Structure formats: structure tokens, C-alpha cells
Amino acid sequence: MNDASHLVVSTGAALAAISQVGDLSMGQPLGHSMRVARLARQLAQASLGEGGHLDIAEHAALLRWSGCTANAEGFSHLLGDDVDGRRAMLDQTLGAAPMRAVHEAGSLAVVHCEVSEQVASTLGLGTDVEATLYRIFETYDGSGRPAGLKHGQIPDAVYHVVLAGDLEILSRSHGLKAALEWIGGQGDRRYPAALARLLQRHASDWLDQLHGYEPPQSAAQAESQVPLSLVGDVIDLKLPWLAGHSRQVADMAIEAGRLWGLPEHALIDVGKAALLHGLGRAAVSNQVWNNPAALPYGALERVHLAPYWTQKACKPIAELARPGEIAAHAYERLDGSGYFRGSSADSLCTEYRLLAASVAWVALRSTRPWRTARDMSQAQRELRQDASRDIFDSDICEAVIAAAQGKRRLSQSTRSALLTARECDILTEISRGASNKEVARNLSISPSTVRTHMESIFRKLECSTRAAATLKGLTLGLIA
């Protein structure tokens, strides 16, 4: 293992982790997507019998919300609170005016669909799953998004997943009777009436079967292995200024841990923890994360619970339980001032201390809404000052600083395999949320030149949104 790109998990574990990110982002309880996947599979079986369509429905249900971190910023601008707003949207408690605004925001649907399709492609789930995810917001009567397709152009799995999701959310929010009445009213509008009636006949029994249901653990050795960095990338898409953050922390923690002398298995766990440590961030609105001022108590409390959600999301996934435990200590401090546990030095092992110092270092070297990035000497000084106050482990901080001084960068030949050097520079800028004008200013080129390069980047990467280009750029190693 050399860096974060070599950290792998089974496809099942990656699917489960991404589904948990989506649940938190949409204001749903953890495990929501796993329950919907079970219901979608049962509906697909009841309507079409046995066959490969069962896996398509299940996988699409698990990834249904995989694009929602990518458009969280847009929903934050549209609804104020991207998490609570989308929860209200799903359980039919969002007001008429904001709901109308959501339906008119077709660009947000495009971002979501492109990213979720790309996630499925990276996981190797097949073109049927990709097509289902790209059309997940289309409806039977042609009033859906982003293309307004009508019945006959929409995969059956879309209906299976959407019906299952409506049943799970609305029965939980309003009771089974009200949920079935609403679903019945959407026949031949949102989904085929005959399929809605089939669901209505079985809904009570299927929901009863979910009581105490625990998704089967993936057979990690039998499944294909995929890069865990994909999960970190999906997590980081929530905020424009976080693109690539989890990978940077993982690379730093692995290299510093190697200098420290950690055994290989511990390096793997710490690296995986670094890729997962921001998972719980999905539960907190972008409005909070983007606040440049001191946070009020209520908002600060939500931030402090982010590591709790990280651990809770990872614990049911056998392969990620240990890395998730380490990840949940990313913001603990030796003096007990950290969160969410407020643990002190005696209970913080080397892995916990290493991750915390690595997260702090990468944050210091990056621009945030509340401060500018520190240069190398400033970051060293601040990290050492914190260590002197018993916030971080002094010796581990020295290992982090040493690792930072010798950090390997992507070779130009690797970066230019698909894009030109200038296109890589521009992609790096937009991955951090820069507008065309800001890219032009930062790179001393004209806005029209930026637009020309952007068209080339989108064409070469086969996407049309910045979020999808960012995700593909990270996946392909094009962003430094």
C-alpha cells in the first residue's frame, strides 16, 4: 500500500457506506436506503419474478441518494437548510412554494443524476443500474426531471425504487393508511397504477418483515474490490471547498504513520478511517459549514455530533467498523476539549492521535470560509503550538510535519494522460468551487479561455456538470 488510492473494500461495503451518506444528506434515519432496497427487491420480484432485475432494483435503491452531496450547496441556496429541506420534501411537508422551486430547479437534478450514474459506473454495477439512476426523477406522466421522459422510456427499476421509497418514508412519517392513500393517488402519474396497486396489497406484510431486519453482511472475499476513496470523494462533494480533502488526509496519515513505524494493518485502518472521517458531516446543513462567523450553540452542537454519525453509520458495516471507530476520533483532543466524546489523552491510542493531527494539518493548509490557508511555515508553527498546549501529540505532530515536507505529488505524465496540464489546473480550481472569473484571475487567463477549456474538459470526461467532473477528476487522479 502506497497511498489512499490503494485502499480497497468490497463492493457491498462501499454500497452500504454510500447509502448511509445519502440517508444523512436527505435527513433520513440511517438504514433508510437499505430498507428501501429490500422493499424494492420484493416489489420487483412480485411484479416480474426472478431475474437480474432484482439486483438492479436493489443496487439502484442503495445509490438513489448518492448524488445528493453534489447538489447540497444548490439545495442550501434554494431551501436554506439542505438537510431539513430535503427531509420535508420527501415526507411531503415542504410548503407549496419551495416545492415548486425544487421542481423548477432542473439543474440540481442533472448534477444528482450525473454523479449517481458515475458512482454506479465506478463500482462496476452495470449499465442497467447506471440508466436507472440517471432516470430516477422521471415520472410515468412525463412531468419528471431532468428530461421529462414518459412511460416506456423509463426503466422498470425506477418505479420499483421510487414506490419502495415512498412507502418507507410516508408510512414512517404519516402512518401506513395515509401513505397508501397518497401512493394510490399517484397511479399513472408518478408510477404505473397497476404497480401501485400491487404494492398496496403487499405493503403491510413487507413492512412487518422489516422489523428487526438487518441487511446481510457482504462476503468481502467473494466480492470484487473497489477503491474506498470513492466513498471519501462522495462525502467531500458536499462542500466545494472540501474536494479531495479525505484523500489528502489519508495520504498524510499513511505517510506519517509509516514514519512513526505503525505496522501495515494499522496503516490500512488509519488510511480507511481518514477516507471516512467526514461521513457524519452529511447530517449537518451546508448553511452551518459555510458560516464564516462563530457558530451559535445549537449549530455548534450539530457540528460536534458529526463524528457520532460517522461511527454510527460505519458500525453496521463489518469491514468498516474498525476504521469507523478510528474515524470518530478525528476531532478528539488530548486535553479533553475535542468532540464528540471529549476523550482525554489516556483513552486516545496512536491511531486516534495520528488521524486527529493529520486532519488538523490538512485543514490548516486549506482555505476555509472562516480563514485563509496557512503556508508551510505557518502551519508548522500553529500545529506545534497546539502540541505544546497538549491538544495534539507532539511527537506525532513532528511525524506529520516530516511527512508533509516529503509529500509525493502526482507526476505530470499521470495527470496529462487524459487532460492537458492547463486543463488539469482549471479542473483543480473548479473542484474547489471557483467560478470561471475566479479561475481566470487565479491562472492569469481570460474568462473566454476558461470557457473553452471547460468545454474540452466536459467533453473528455463525458459529463456536463462541475460536480461530476470533480468526482471523475479525483477518481482518475487528474486533480492534485
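Debye sum, Cα scatterers, region 1-41, no solvent: what log₁₀ I/I(0) at q = 0.15 1/Å? Computed log10 I(q)/I(0) values: -0.45. Could you give the angle, 0 to 90 degrees to the nearest 10, between helix 421-431's Cα long axis and the longest principal axis of the Cα atoms of the chain? Its long axis makes an angle of about 70 degrees.
With the largest listed first and rounded to whole Å, the semi-axes of the equivalent ellipsoid of region 239-405 from the Cα gyration tensor are 22, 20, 15. Rounded to the nearest 20 debye, the dipole magnitude of region 8-209 is 380 debye, with +1 charges on Lys and Arg beta carbons, -1 on Asp and Glu beta carbons, and the Cα centre as origin. Relative to the longest principal axis of the Cα atoms of the chain, helix 32-48 runs at roughly 30 degrees.
Along each principal axis, taking the top coordinate minus the bottom one, the Cα set of the chain gives 67, 55, 47 Å in descending order. With Cα atoms defining each centre, region 23-76 and region 132-188 are spaced 12 Å apart in the structure.
Quote the charge dipole size of region 300-363 about the Cα centre in Debye, to the nearest 20; the model charges only the Cβ of Lys and Arg (+1) and of Asp and Glu (-1).
In total the dipole reaches around 140 debye.
Each of THR122, PHE458, ILE396 was placed along the dipole of the chain (beta-carbon charges, centred on the mean Cα), and the one lying farthest toward the positive end is PHE458. Over the Cα atoms of region 354-480, the radius of gyration divided by the Kirkwood radius equals 1.06; this is the Rg/Rh ratio. Placing one equal scatterer on every Cα of region 1-141 and applying the Debye formula, the log10 ratio I(q)/I(0) at q = 0.09, 0.20 Å⁻¹ is -0.29, -1.27. Listing CYS424, CYS397 from fewest to most neighbouring C-beta atoms within 10 Å gives CYS424, CYS397.
On C-alpha positions alone, give me the angle between the axis of helix 376-388 and the longest principal axis of the chain, in degrees, nearest 10. Rounded to the nearest ten degrees, it is 90. Averaging the sequence gap over all C-alpha pairs within less than 8 Å and six or more residues apart, then dividing by the number of residues, gives the chain a relative contact order of 16 percent.
Taking other Cβ atoms within 10 Å as a rough exposure proxy, TRP370, TRP206, TRP260 sort from fewest to most as TRP370, TRP206, TRP260. Relative to the Cα centre, the charge distribution of the chain, modelled as +1 at Lys and Arg Cβ and -1 at Asp and Glu Cβ, gives a dipole magnitude of about 1020 debye. Amide H contacts for VAL9 (H built 1.01 Å from N in the peptide plane; partners 5 or more residues away or on another chain; cut-off under 5 Å): VAL226, LEU228.
Sorted ascending by nearby beta carbons within 10 Å, beginning with the fewest, VAL362, VAL36, VAL303 become VAL303, VAL362, VAL36.
Only the coordinates and a few stated rules stand behind these numbers; no lab work does. What you see is a predicted model, and the numbers here were worked out from it, not measured in a lab. Glycine also receives a Cβ, built like all others from the backbone with ideal geometry; neighbour counts cover every protein chain displayed.
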